[in-house]
Amino acid sequence: MSHSVELAGIGMTFGTTRAVSDVSFKVEAGEFFSILGPSGCGKTTILRMIAGFIEPTDGRVLIGDQDMKGLGPNQRPTAMIFQSLALFPLMSVRDNIAFGLEARGVGRAERRAKADDLLRLIALEGYGDRMPGELSGGQRQRVAIARALAVEPGVLLLDEPLSALDLKLRQHMRAELRALQKRTGVTFIYITHDQSEALAMSDRVAVMSAGLLQQVATPRELYDNPATPFVARFVGETNAIPGRITDVQAGTARIDTELGPLLGRAGQGAVPGAQGTIYVRPEALMPGGGENPLQAQIDRVDFEGSFALVHGRFDSGAALTASVPSTRLADAPVPGHRASFGFQHAHAVVLGDG
Amino acid sequence: MGDLKNRFGPGLSTIFLILVLFWLAVMVLAPNLMMIDYALRPNLPPAALGGPDDTYTLSNILYLAGEPTHRAIFFKTIWASGLVAAVTFAVCYPIAFWMAQRATTGQLAIALMLIIIPFFINEVLRTLAWFIILAYRGPLNAVLMNIGLIEAPIRWQGNGGVLAAMVYAYILFMLLPIYNAIESLEKAQIEAARDLGASRWRIHTRVVIPHAKAGIATGFVFTFMLAAGSYVAPALLGSPGSRWFTEIIYNWFFEGGDWNRGAAYALVLLVLCLAVVLVTLRLFRVNLTDVAK
């Protein structure tokens, strides 16, 4: 059983601070949906409004098409996984998992059976009698997920649950969370400030900034067609070169920059005469020039194995980051020297600055 | 030891050590040993001291066992002190929870001030304030009669008055340890319990109280000991029907002139208090070291 979640123009004001303004989107049932944004952008506030810990000051939260107004967190078909996990340290792993069932008055034998089922699901069979403090970080993580799934929620809300883990474990848990979501079919709403996490796991991602919704799209769409300058800069690395848009034709925009005229796909706000910026991904910049030639001074080349990260400055002074595949390192730039780059116009996007 | 020396140097740590030993030996150990010595000797006129009758005996303690009125007051003091601790807990727990988990910084400062400021005043005066409030023709009866809750004044002095004064006198000793304990509980745990569908009652019984167990036990131990050893509240607010065991001890010393019997009574009270405390700690499964923290 999974539910859709719809936010209809929700807003939240704490005192005089506007934490969230007029956010609307719909998460489909069974979707893995992420809300991505820097800290303080309002994403946790949104999650807490969905969970019912706080009531939005404007707008409505609908879960499974039901208006949730006035319902507390214990009355909503949601379960939350907290950033700190919030496992109960004085209860065994099994009692932790069965806590929601205990609260619903389920009998002891049934609770035990269900908890053991869930322990199997998270591959911690036989750990039921341990205390949370005796488990590793990744195991505690999985217990927290099992505890939330025990109440058979229609929506699982995850508040940056992986942030406390080290990189290796985090990457492993990403895959595990994704698999678990597919297996259970529960709607996941996942909060993170880590864009690679959001891109890797989600069906769709909502990007937030300063309490405002920037874009809701699939990870691919978000990366290739950012709707706003914020999304272009926040999601993935990018080279931003400002200028004035002079011409837009058949989806291609021409922009006059300090480095000369450049071509890119026309994005939001790209109209002739407007101030704009062309955004080029590091992997789109190829050494050697060609279409859209650019000159740059090279400061540093970091060899990373399959590719090398080239750092430098364009002649206009703007920072350059290019990711050059190892197979093309033959014509790799040399630190301290000048080099030319180029990119195909289909690999860059021009957005209005408004 | 080594730790102390490293931190303060040999000179200062020796002074600390001597002060602590002095305090333990002269202020704690010696008076208690003297009390035990007194308790186990008969009350003799000065001329007979050191004579053939001056031998160790259990007669003072057996006298308490054989005296029905004193025995009844003794047991009543024990269970009534338990009641004082329980009522104090019932009063303090909601306040402590609110202060630790719900109050804003400003509210917390005001609440702490309101609770602590009365304790700047001497205990006798605070008890006297209750004496005035609870007086037969006092403000409480006047208010209750004015709003029509009672027809005639109630005589509060006696068990009710003693209970009220003691609960008030020992609030801090219950409130602060519980506040400290609940304060360290992560808010997300309460939210998680709520999110999983737990009722308010279950959140407290399954999450908050188990977490605050050591603080609650500490509060119980403090309040119980203070209540059992209290003299002012029963003396000022009690009635002949609500005598406290400490009053009888006092009487043996200062009115009966029998220090030996008074010491024996005090010794019995001390031993039983200790027993109650240890049993409580065992029931709560808390260590004495947790309480000391």
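Selection of segment A:129-168 for residues being in a loop (DSSP other than H, G, I, E, B), over 24 Å from the mean Cα position of the chain (by Cα) and either within 14 Å of chain B (Cβ to nearest Cβ) or surrounded by 19 or more Cβ atoms within 10 Å (Cβ to Cβ) (or both) yields A:M131, A:A150, A:V151, A:E152.
Considering only residues in segment A:116-128 that are farther than 20 Å from A:R174 by Cβ and out of contact with any Lys or Arg (no Cβ under 7 Å at 6 or more places or on another chain), the one that is surrounded by the fewest Cβ atoms within 10 Å (Cβ to Cβ) turns out to be A:G126. Comparison of B:V268, B:V279 shows that the only residue that is at pLDDT 85 or above, out of contact with any Pro (no Cβ under 7 Å at 6 or more places or on another chain), surrounded by fewer than 17 Cβ atoms within 10 Å (Cβ to Cβ) and part of a helix (DSSP H, G or I) is B:V279. Listed by position, the strands (runs of 3 or more DSSP E) inside segment A:169-224 whose residues that are within 19 Å of A:F82 (Cβ to Cβ) number at least 3 are A:187-192.
Please go through (1) in a helix (DSSP H, G or I); (2) surrounded by fewer than 20 Cβ atoms within 10 Å (Cβ to Cβ) for A:R111 and return the number of the only condition it doesn't satisfy. Evaluating A:R111 over (1) in a helix (DSSP H, G or I); (2) surrounded by fewer than 20 Cβ atoms within 10 Å (Cβ to Cβ) leaves (2) as the failure.
Of the helices (runs of 4 or more DSSP H) lying entirely inside segment B:181-258, those containing at least 2 residues that are among the charged types (D, E, K, R), more than 24 Å from B:Y38 (Cα to Cα) and at pLDDT 90 or above are B:187-195.
Annotation: of all residues in segment A:55-78 being within 14 Å of chain B (Cβ to nearest Cβ) and in a loop (DSSP other than H, G, I, E, B), the one that is surrounded by the fewest Cβ atoms within 10 Å (Cβ to Cβ) is A:G72. For segment A:91-108, the tally of residues that are surrounded by 24 or more Cβ atoms within 10 Å (Cβ to Cβ) and at the interface with chain B (Cβ under 8 Å from one of its Cβ atoms) stands at 2.
Of all residue pairs spaced 6 or more apart or on separate chains, those with beta-carbon atoms under 6 Å, a first member in segment A:79-90 that is within 19 Å of A:F188 (Cα to Cα) and at the interface with chain B (Cβ under 8 Å from one of its Cβ atoms) and a second member that is aliphatic (A, V, I, L, M) and in a strand (DSSP E or B) are A:A79/A:L156; A:M80/A:L157. Considering only residues of segment B:181-216 that are closer than 27 Å to A:L156 by Cα and of a type in the set (K, R), which is farthest from the chain's Cα centre (by Cα)? The residue in question is B:R194. Checked against (1) of a type in the set (A, V, I, L, M); (2) in a loop (DSSP other than H, G, I, E, B); (3) modelled with pLDDT under 90; (4) touching a helix residue (DSSP H, G or I) at 6+ places or on another chain (Cβ under 8 Å), A:M12 passes all but condition (2).
Restricting attention to segment B:113-155, the residues being under 19 Å from B:V167 (Cα atoms) and of a type in the set (A, V, I, L, M, F, W, C) number 19. Tell me yes or no: at least one residue of segment A:225-235 is surrounded by fewer than 23 Cβ atoms within 10 Å (Cβ to Cβ) and either within 14 Å of another protein chain (Cβ to nearest Cβ) or out of contact with any strand residue (DSSP E or B) (no Cβ under 7 Å at 6 or more places or on another chain) (or both). No, every residue in segment A:225-235 fails to be surrounded by fewer than 23 Cβ atoms within 10 Å (Cβ to Cβ) and either within 14 Å of another protein chain (Cβ to nearest Cβ) or out of contact with any strand residue (DSSP E or B) (no Cβ under 7 Å at 6 or more places or on another chain) (or both). Scanning segment A:279-334 for residues that are in a helix (DSSP H, G or I) and either surrounded by fewer than 17 Cβ atoms within 10 Å (Cβ to Cβ) or more than 29 Å from the chain's Cα centre (by Cα) (or both) returns A:E283, A:S326, A:T327, A:R328, A:L329, A:A330, A:D331. Only residues that are more than 11 Å from chain A (Cβ to nearest Cβ) and among the charged types (D, E, K, R) were counted across segment B:157-211, and they come to 1. Here the helices (runs of 4 or more DSSP H) wholly within segment B:27-124 that include at least 2 residues being among the aromatic types (F, W, Y) are B:68-97.
The values are calculated or read from the model by the stated rules, or taken from the named source; none is laboratory data. No experiment lies behind these values; they were computed from the predicted model shown. Positions of Cβ are generated from backbone atoms using ideal geometry, with glycine treated the same way; all protein chains shown enter the neighbour counts.
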